[in-house]
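Here the structure comes first, spelled out in structure tokens, and everything after it is commentary.
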Amino acid sequence: MKAVILAGGKGTRLSSVTGDKIPKAMVALEGKPILEYQIEVLKNHDITEIMIIGGYLIEKIVSHFQDGSNWGVKIKYIKEETPLGTGGGLYYLKEEQEAFILVFGDLLFDMDLKRFYQFHISNNAGVTVVVHPNTHPYDSDFVSIDDDSRVINFTSKDEEHREDHRNLVNAGIYCISPEALRKVKENERFDLEKDFLFTDILSQGKLFGYRSTEYVKDLGTPDRLLEG
């Protein structure tokens, strides 16, 4: 297995913590960057090939982790010269030959990634998204799945009339097969969820939801960072 971490976020909601001097993924929790926790979990699940995609202050990440050897992994970096949203950087992964794990850089998590990966493969999915209940459904994307774990509906956190949805939300961890990236174009800015997963892949019936109650925590706001 390989992993890709999207670490390009400036962290506007965390500006009181970052001071606009570090990228969001480098915010420290008990003296250690969020990104470091992620790399350690990946390594613990035998994922040693990691690609970090970033733009804003990515040199801070490179300076800290270098080639990853101090953590027993191999890290490659892709720098976006202009912001491409949460999905545009996927263009650089079009040549991958096998499915890979994709993680947002502001998550703290500890889950069985091998089992998640096997779920994706066994369903012949284009994309599998981890779905779970969380403590802030009011600003999360709701996901509906059928009895076969296929995603049948997605309701963006920006949409209205969301009060009737059950608390099953997008956790921000994915498994993506190479064929799902065929339409991604170079230097095209787009949103991973709105413009890719829950339109193109959902319409093909190739989007699956991996229901889990394992630990996945979004640390994108000061309050959630304190809750860690």
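The values are calculated or read from the model by the stated rules, or taken from the named source; none is laboratory data. As the structure is a computational prediction, the values presented were derived from the model and not from experiment. Cβ atoms come from the backbone with ideal geometry, glycine included; neighbour counts cover every protein chain shown. Heavy atoms of the whole protein, side chains included, go into the accessibility calculation; ligands, DNA and RNA do not. Shrake-Rupley method; radii C 1.70, N 1.55, O 1.52, S 1.80 Å.
Overview of results
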read-out	value
Every residue from the range 120-144 that is open to solvent by 10 Å² or more (accessible area, probe 1.4 Å), under 21 Å from LYS217 (Cα atoms) and modelled with pLDDT of 80 or more	HIS132, PRO133, PHE142, SER144
Residues located in the range 30-39, provided they are over 13 Å from GLY105 (Cα atoms) and either at pLDDT 95 or above or outside any loop (DSSP other than H, G, I, E, B) (or both)	LYS32
In the range 30-41, the residues that are farther than 15 Å from ASP67 by Cα and hydrophobic (A, V, I, L, M, F, W, C)	ILE34, VAL41
Failed criterion for LYS194 (all others in (1) more than 16 Å from ALA99 (Cβ to Cβ); (2) modelled with pLDDT under 90; (3) open to solvent by less than 80 Å² (accessible area, probe 1.4 Å); (4) within 17 Å of the chain's Cα centre (by Cα) hold)	(3)
Filter result (hydrophobic (A, V, I, L, M, F, W, C), touching a helix residue (DSSP H, G or I) at 6+ places or on another chain (Cβ under 8 Å) and assigned to a loop (DSSP other than H, G, I, E, B)) within the range 167-217	VAL184, PHE190, LEU192
